[in-house]
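Input: a single structure, listed below in C-alpha cells.
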Amino acid sequence: MLSTAQAPLYEIKANLFKALAHPARIRILELLAAAPDTTAPVSFLLAETGLEASHLSQHLATLRRHRVVTSVRSANAVTYRLAHPKIAELLAIARTFLLDTLADSNEQLRLAQELQVPHLSGPSS
C-alpha cells in the first residue's frame, strides 16, 4: 500500500505519462528536442506535424498543463520549448527501450519460425 507521502509523487508521474500518451504529442516533443535550443515556433510545429491548428493547440495545451513544455509569445508569434532538458533524454531512453524490445520480439519470431513442426495429417487409408 502507498503511504500518504508517496501517493502525490505517483500521481504526478502518472499525469506525466498521460501527457505523453498520444502519438502527436510525442512527435511534438521529438521535434522540440531536435530543434535548435529545443525551441520552435508554432508555424514550424504545424508544418512538421501536419495537424490542424486547433488540434495542435489542444495538444500543446495538454503538454503545457502538465509542465512538459513552456511557451513564449512575442508579438503574434508563439514559440514552444521543452520545459526541462531531461525530457529529450526521456524520449531517447523510450526510443532505445522500444527498439530493443522490438529486436527481442523479432528474434523470438525468427526462432519460432525455425522450429520444426511435425506435419499433422489424418490417418492414412
Pairs only if they're at least six apart or on different chains, beta carbon under 6 angstrom, first in the range 21-45 and in contact (Cβ under 8 Å) with a residue 24 or more places away in the chain, second exposed (fewer than 15 other Cβ atoms within 10 Å of the Cβ); list them, first residue then second.
41/77
Matching option when the condition is among the acidic types (Asp, Glu) and farther than 21 Å from residue 95 by Cβ, among 52, 30:
52
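Since every read-out is calculated from the coordinates, none of them should be taken as a lab result. Model, not experiment: these values are computed from the prediction. Cβ sites come from the backbone with ideal geometry, for glycine too, and all protein chains shown count toward neighbours.
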